[in-house]
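Engineer: Dumping the structure here so I can ask a few things about it.
The values are calculated or read from the model by the stated rules, or taken from the named source; none is laboratory data. No experiment lies behind these values; they were computed from the predicted model shown. Using ideal geometry, Cβ is built from the backbone for each residue, glycine included, and neighbour counts are taken over all protein chains shown.
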Amino acid sequence: MSYGGYRRNDMFGPKPVESGKEYDVQVTEISRKGDGIARIQGFVIFVKDGKVGQNAKIRVTQVGNRFATAEIVDGSSATEASSQPSEQQSSSSESSEASPESNE
């Protein structure tokens, strides 16, 4: 007899972030453990070594039911970079990685 306790994560629906992908965020708060807190579509992301007010490119390392964890890839990203959609920047970074191979 199962009461669905194990499948509880199905109730939370799709997440706005995926593990391994990069996003541009602004750290708005600090957690109790000292990590930065950023949000994408209201979904909480704990950013290791993030500082309040910091605009950073992050890589999501783990996605849970209610929050994700991430690490900073580039902490010096300008504010105009964070105003662009993250999907557009993710695809441009993938194409820039492929271009050196095509030059050979």
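Condition check ((1) within 15 Å of ILE72 (Cα to Cα); (2) surrounded by 15 or more Cβ atoms within 10 Å (Cβ to Cβ); (3) at pLDDT 95 or above) across all residues:
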{"residue": "ARG8", "(1), (2), (3)": "no, no, no"}
{"residue": "GLY20", "(1), (2), (3)": "yes, no, yes"}
{"residue": "GLN26", "(1), (2), (3)": "yes, yes, yes"}
{"residue": "ARG32", "(1), (2), (3)": "no, no, yes"}
{"residue": "ILE37", "(1), (2), (3)": "yes, yes, yes"}
{"residue": "PHE46", "(1), (2), (3)": "yes, yes, yes"}
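Engineer: Tell me, yes or no, whether region 54-68 has at least one residue that is at pLDDT below 95 and under 11 Å from the mean Cα position of the chain (by Cα).
Structural biologist: no
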